[in-house]
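In what follows, a structure is listed as structure tokens, so that the remarks can point back to it.
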Amino acid sequence: MNSPFANIFLALRARIQSQVTAITYIDQDLNQLKPATRPPVSWPCALIDFEDFNFSNMGDNVQVANGTIVVKLGFAPYSNTSQSTPDPYTEQALGYYDIEWSLHLALQGWSPGDDYGYLIRTSALTQKRPDNYRVREVRYSLTFEDYSTKPQQQYAPATLIVADQILL
């Protein structure tokens, strides 16, 4: 793949799959978790998207990219966690926090490749939804340099003439 975003996505997918084995479905975020429909995913899921990437020029057509990677963690409807809920059910209902923590341990300070910076968590929030699905968004910042449009230098060998002889 040539696109940095495609390569980052593939690296993230592989990292999550190998490090957070409780997650059973990993994909791009294509709005699968929109309310009012039965999401076409298996639970729990991780959906990945790239948001708010800004680019600035370093010169010579090289750019620095800086933006946010959003990992949405989706969980099936959960049970009650009130004080009257038996502990085993409460623990099961709160298990999504452990999965989120495992995701954080796998991604914080990790780099998706030699050409990229390191992921830094910037926020985590719960989506307010009209249905019973639990969706947590964990956001990571990422910075990398893009050399893809830098002009290639063309070098011609120098010719040196000394005492009427050509030396290469």
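Data overview
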item	result
Sparse-neighbour loop sites [trypsin sites (Lys or Arg not before Pro); the stretch 37-128; at most 11 other C-beta within 10 Å; DSSP]	K128
Taking the stretch 1-154 and dividing mean pair separation by its residue count, relative contact order in percent (alpha carbons under 8 Å, at least six apart)	25 percent
Relative packing of 40-47, 99-106, 84-91, which averages over residues the other C-beta atoms within 10 Å, highest first	40-47, 99-106, 84-91
Farthest positive-ward along the stretch 4-167 dipole, Cα basis, beta-carbon charges - from Y97, Y118, A36	A36
Rounded to the nearest 20 debye, dipole of the chain from Cβ charges on Lys, Arg, Asp, Glu	620 debye
DSSP bridge orientation in the stretch 1-85 - percent antiparallel, rounded to nearest 5	75 percent
MRE, 222 nm, helices only [DSSP H, n ≥ 4, -39500 (n - 2.57), over the chain, to nearest 500]	-6500 deg cm²/dmol
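Taken together, the values in this text are just the output of simple stated rules run on the coordinates, not laboratory data. As the structure is a prediction and not an experimental result, all values here were calculated from the model. Virtual Cβ from ideal backbone geometry, glycine too; neighbours counted across all protein chains shown.
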